[in-house]
Amino acid sequence: MIALKIFSKEIEVMYDVEQSDVTSFIEKEISPDCYQVKEILGESYFTTTKYTK
């Protein structure tokens with residue numbers, strides 16, 4: 001398994017999502033048991049917890 005990390009800002013830019021909508025976008029697109037939300041220096045990022053096809 002390869003763990004992937006993506007920052008909130010990357011999601012905003014790549015998927016044209018407003019900052020306030022990033023978490024709901026992730027919740028809608030990815031199963032809750034497949035990712036974790038973490039934070040560094042005030043910026044949220046998401047890491048995979050399971051491999052998905």
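Laboratory data are not the source of any read-out in this text; all were calculated from the coordinates shown. The structure presented is a predicted model; accordingly, all values stated were derived computationally and were not measured.
Side notes on the structure shown:
- Each Cα pair under 8 Å and six or more residues apart adds its separation to the average, and for the chain the resulting relative contact order is 45 percent.
- Annotation: amide H-H contacts under 5 Å for SER44 (H modelled 1.01 Å from N, sequence separation of 5 or more, or interchain): SER8.
- Lysine pairs with alpha-carbon atoms under 16 Å apart, the chain, spacing 8 or more or separate chains: 4
- One chain, two ends: TYR15 and LYS28. Fully extended at 0.36 nm per residue, the span grows by 3.4 nm beyond their Cα-Cα distance.
- When only alpha carbons of the chain are considered, Rg and Dmax amount to 10.7, 31 Å.
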